[in-house]
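Novice: Sending over a structure as structure tokens; questions will come in a sec.
The values are calculated or read from the model by the stated rules, or taken from the named source; none is laboratory data. Quick caveat, the model's predicted, so the values are computed rather than measured. Note that each Cβ is placed from the backbone with ideal geometry, even for glycine, and that neighbours are counted across all protein chains shown.
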Amino acid sequence: MLSTLQPLANPFPEPVNIRLLLKRDDLLHPHISGNKWRKLNYNLLAARDQGFDTLLTFGGAFSNHLYATAAAGQAFGFRTIGIVRGDELAQAPRNKTLQACEAYGMRLHFVSRTAYRQKEEAAFQAGLIAQVGPCYILPEGGTNELAVRGTAEIIPEIIAQLGTVPDFVCCPVGTGGTVAGLARSAPAETQVLGFVVLKADSGFSLQIDEYAAFAPTKLNLIQDYHSGGYARTTPQLIEFIRTFEQKTGILLEQVYTGKMLFGIYDLARRGYFPEGATVVAVHTGGLQGRSEELTMPIP
Ligand SMILES: Cc1ncc(COP(=O)(O)O)c(C=O)c1O
């Protein structure tokens, strides 16, 4: 499936010297949007080929990945099980994300934060399988080799749509699976910029090197636009997103795509990009996690 490549007029009064386009992966599917569609695609095919009818995965209470896996399970006929970080949440009222997961038929299991840290360990996973039966296990955030194979398809699409090679392709970075796929398929003339949405010292490890197979010079991880850390915001970020949305009619959210675009416009104003550079930003979706703060009237 092909997402559109949309040219963007500068919505801000300050001039920028780049040609900016948005790769609208957010429009790939209403609920399995953005990088989730790319990451799940080959995994679902593998699960089906290997005869599994159940997907099991992991996430926090606001996880876009849990939400997309639940939606994909319903759409493509898999049972889904979500292992959720935080056993204190089991009795609490469900937030919007977890409510939607359950509405898609996902069975939620809440585990303590200590247990959750073992999610990659074979013994822990074997224990889960013993409880729930055979299942295809997707890692937290959905990043694995098949996910990277999916995200590696974005740049060839962009090149075919543009009819030329872009100078820069940008995406937000959480676990690193999306940016690893971009860097894997980027031609030598294209710089990949990953806007990291969490603080370097947050204890969260990027899973980029293991999927690398690309020249390190092609990838630049930009760490200056996390706005205080994962899921943190600043008034400037919120103001930026509101203005962008009002002027372009394109919705963003505050955890990933808002931070990336804030960073791109800021870098452009500071003269980071060469004059006239073609810059493509990948809209990785995630709108289910859009803050209500963005829809409230400006005080
Ligand atoms: C909407 C959205 N954009 C970007 C990312 C970051 O992707 P990755 O984890 O592959 O770095 C995520 C989360 O994983 C996401 O939900």
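Novice: Just to be sure before I move on: is residue 230 over 19 Å from the mean Cα position of the chain (by Cα) and part of a loop (DSSP other than H, G, I, E, B) in the structure I sent?
Specialist: No: the conditions fail for residue 230.
Novice: Right, something else. Taking residue 213, is it at positive phi and either of a type outside the set (A, V, I, L, M) or modelled with pLDDT under 95 (or both)?
Specialist: yes
Novice: Here is a check on your reading of the model: is residue 54 among the hydroxyl-bearing types (Ser, Thr, Tyr) and surrounded by fewer than 24 Cβ atoms within 10 Å (Cβ to Cβ)?
Specialist: Spelling it out, residue 54 is indeed among the hydroxyl-bearing types (Ser, Thr, Tyr) and surrounded by fewer than 24 Cβ atoms within 10 Å (Cβ to Cβ).
Novice: Take residue 25 and tell me if it is of a type in the set (Asp, Glu), in contact (Cβ under 8 Å) with a residue 12 or more places away in the chain, in contact with a strand residue (DSSP E or B) (Cβ under 7 Å, 6 or more places away or on another chain) and assigned by TED's automatic domain parsing to the domain that holds residue 282.
Specialist: yes
Novice: Can I ask one more? Can we say residue 18 is within 16 Å of the ligand (Cβ to nearest atom) and under 27 Å from residue 258 (Cα atoms)? Explain how you work it out, then say what you get.
Specialist: On the way: within 16 Å of the ligand (Cβ to nearest atom): no; under 27 Å from residue 258 (Cα atoms): yes.
No, not satisfied.
Novice: So, one more: So, in the stretch 178-196, how many residues would count as being within 15 Å of the ligand (Cβ to nearest atom), small (Gly, Ala, Ser) and outside any strand (DSSP E or B)?
Specialist: Residues in the stretch 178-196 being within 15 Å of the ligand (Cβ to nearest atom), small (Gly, Ala, Ser) and outside any strand (DSSP E or B): 4 in total.
Novice: Checking residue 100 against (1) assigned by TED's automatic domain parsing to the domain that holds residue 177; (2) under 20 Å from residue 288 (Cα atoms), which test does it fail?
Specialist: (1)
Novice: Now a separate question. Can you give me the number of residues within the stretch 167-184 that are surrounded by fewer than 24 Cβ atoms within 10 Å (Cβ to Cβ) and modelled with pLDDT of 95 or more?
Specialist: The number of residues fulfilling the criteria is 2.
Novice: May I pose another question? Tell me, yes or no, whether the stretch 257-277 has at least one residue that is closer than 21 Å to residue 66 by Cα, within 16 Å of the ligand (Cβ to nearest atom) and either at pLDDT 95 or above or within 16 Å of the chain's Cα centre (by Cα) (or both).
Specialist: Taking every residue of the stretch 257-277 in turn, at least one turns out to be closer than 21 Å to residue 66 by Cα, within 16 Å of the ligand (Cβ to nearest atom) and either at pLDDT 95 or above or within 16 Å of the chain's Cα centre (by Cα) (or both).
Novice: Taking the stretch 116-134, which residues are within 12 Å of residue 58 (Cβ to Cβ) and in contact (Cβ under 8 Å) with a residue 12 or more places away in the chain?
Specialist: Within the stretch 116-134, 116, 119, 120, 125, 128 qualify.
Novice: Related question: Conditions: (1) within 18 Å of residue 55 (Cβ to Cβ); (2) touching a His at 6+ places or on another chain (Cβ under 7 Å). Residue 124 meets all but one. Number of the miss?
Specialist: Exception for residue 124: condition (2).
Novice: What about residue 4, is it β-branched (Val, Ile, Thr) and either assigned by TED's automatic domain parsing to the domain that holds residue 169 or surrounded by fewer than 17 Cβ atoms within 10 Å (Cβ to Cβ) (or both)?
Specialist: yes
Novice: Shifting gears a bit: Within the stretch 155-177, is even one residue touching a residue at least 24 places away in the same chain (Cβ under 8 Å), away from the ligand (no atom under 16 Å from the Cβ), among the β-branched types (Val, Ile, Thr) and in a loop (DSSP other than H, G, I, E, B)? I'd like the intermediate steps shown before the answer.
Specialist: Step one: list which residues in the stretch 155-177 are touching a residue at least 24 places away in the same chain (Cβ under 8 Å), which gives 155-159, 161-162, 164-177.
Of the ones still in play, those that are also away from the ligand (no atom under 16 Å from the Cβ) are 156-159, 161-162, 164-168.
Checking which are among the β-branched types (Val, Ile, Thr) leaves us with 158-159, 164-165.
Now drop any that are not in a loop (DSSP other than H, G, I, E, B), which leaves 164-165.
Yes, the stretch 155-177 contains a residue that is touching a residue at least 24 places away in the same chain (Cβ under 8 Å), away from the ligand (no atom under 16 Å from the Cβ), among the β-branched types (Val, Ile, Thr) and in a loop (DSSP other than H, G, I, E, B).
Novice: With the structure loaded, tell me whether residue 56 is closer than 14 Å to residue 142 by Cα and either in the same structural domain as residue 177 (by TED's automatic domain parsing) or at pLDDT 95 or above (or both) or whether it fails that test.
Specialist: yes
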